1. Might you let me know whether the stretch 157-170 holds any residue that is in contact (Cβ under 8 Å) with a residue 60 or more places away in the chain, hydrophobic (A, V, I, L, M, F, W, C) and not assigned by TED's automatic domain parsing to the domain that holds GLY128?
2. Do we find a residue being touching a His at 6+ places or on another chain (Cβ under 8 Å) and within 30 Å of LYS206 (Cα to Cα) anywhere in the stretch 161-176?
3. Report yes if some residue within the stretch 112-121 is more than 17 Å from the chain's Cα centre (by Cα) and closer than 12 Å to ARG83 by Cα; otherwise report no.
4. Looking at the stretch 103-122, is at least one residue without any contact (Cβ under 8 Å) to a residue 60 or more places away in the chain and closer than 24 Å to ALA192 by Cα?
5. Looking at the stretch 199-214, is at least one residue at pLDDT 95 or above, basic (Lys, Arg) and either within 25 Å of ASN93 (Cα to Cα) or under 16 Å from the mean Cα position of the chain (by Cα) (or both)?
6. Residue under question is TYR118, and the condition is that it be at pLDDT below 95 and either among the aliphatic types (A, V, I, L, M) or assigned to a helix (DSSP H, G or I) (or both); does it hold?
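The values are calculated or read from the model by the stated rules, or taken from the named source; none is laboratory data. Remember, predicted model here, so these are calculated numbers, not experimental data. Virtual Cβ from ideal backbone geometry, glycine too; neighbours counted across all protein chains shown.
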Amino acid sequence: MSVTNTEVKHVRNAVSSGGRKRDYFKLWEASLLILLTVVISISSWYTVGKMFFWSGLDQKRVKQQLEFLSKKVEAEPKNLEYRVGLGYTYFLNGDNENATKQLNQVLEIDKNYYDGHYNLGLVLKDEGKLDDALEHFQKCVEISPKDYKGFLQKGVTYRKMKMYKEAVESLNRANLLMPGRADTIYEIGMVAEDKGDKTIAAGIYKEALRYDPMFKDALEALKRVQ
């Protein structure tokens, strides 16, 4: 089913009205409501994915962080926060093998540790092991159903699996839990682009840039679809 001009207007109306519940944009099988609120900061050890926040990362700082956290984990091997941080830093350094090792050790200690599942999901998604990644993100939403990040990553993973209906539903849930996040809005645009609706995607990327005008991925995506 194609996206109509009327549906594009629904997106614009939702934006201009501050996200009133009567303004909806139907994107294929699911209904999306773009709500506008203040963007909050990400948590300390995890993010929605390194592509969003870590481009141009100073590798010298990564190596320093690896050294620091390695010593912390050695001194306090059961400190899960340090071990998750070490695993994610390995991931930033491109060492998925050691990242996976650290994060699996976290889950051996506490099988319901949210940060362990979330970050391991990121690593597996990066490796293209989408079914396995999805299991960990599903575990995230079961552990913390009010945290938008698990739903966001489920949506990203579903999109990569070309399961667009499920992707939209998960991203919509993420957007409802934490309205106005540029990263969530960007991913909604990515679903539209993957489905071939470039006009709709362009409008959504513009909306993401209203919250973060320097969002590199959204800027590049907007140029691409235009």
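1. Our first condition is that a residue be in contact (Cβ under 8 Å) with a residue 60 or more places away in the chain; within the stretch 157-170, this holds for 164-165, 168-169.
Pick out the ones that are also hydrophobic (A, V, I, L, M, F, W, C) and you get 168.
Retained after the next criterion (residues that are not assigned by TED's automatic domain parsing to the domain that holds GLY128): none.
Within the stretch 157-170 (the criterion being in contact (Cβ under 8 Å) with a residue 60 or more places away in the chain, hydrophobic (A, V, I, L, M, F, W, C) and not assigned by TED's automatic domain parsing to the domain that holds GLY128), the answer is no, since none of the residues qualifies.
2. Step one: filter the stretch 161-176 for residues touching a His at 6+ places or on another chain (Cβ under 8 Å), giving none.
Within the stretch 161-176, none of the residues are touching a His at 6+ places or on another chain (Cβ under 8 Å) and within 30 Å of LYS206 (Cα to Cα).
3. To start, the set of residues in the stretch 112-121 that are more than 17 Å from the chain's Cα centre (by Cα) comprises 112-113.
So of that shortlist, the ones also closer than 12 Å to ARG83 by Cα come out as 113.
For the stretch 112-121, residues more than 17 Å from the chain's Cα centre (by Cα) and closer than 12 Å to ARG83 by Cα: present.
4. Step one: list which residues in the stretch 103-122 are without any contact (Cβ under 8 Å) to a residue 60 or more places away in the chain, which gives 103-114, 116-117, 120-121.
Keeping just the survivors that are closer than 24 Å to ALA192 by Cα gives 121.
Within the stretch 103-122, one or more residues are without any contact (Cβ under 8 Å) to a residue 60 or more places away in the chain and closer than 24 Å to ALA192 by Cα.
5. Scanning the stretch 199-214 turns up no residue that is at pLDDT 95 or above, basic (Lys, Arg) and either within 25 Å of ASN93 (Cα to Cα) or under 16 Å from the mean Cα position of the chain (by Cα) (or both).
6. On the way: at pLDDT below 95: no; either among the aliphatic types (A, V, I, L, M) or assigned to a helix (DSSP H, G or I) (or both): yes.
Answer is no for this residue.
One line per residue, one yes/no per condition, for (1) at pLDDT 95 or above; (2) touching a Lys or Arg at 6+ places or on another chain (Cβ under 8 Å); (3) more than 25 Å from GLN102 (Cβ to Cβ):
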| position | (1), (2), (3) |
| --- | --- |
| LEU122 | yes, yes, no |
| LEU130 | yes, yes, no |
| ALA133 | yes, yes, no |
| GLU142 | yes, no, no |
| LYS149 | yes, no, no |
| GLN153 | yes, yes, no |
| ALA167 | yes, yes, yes |
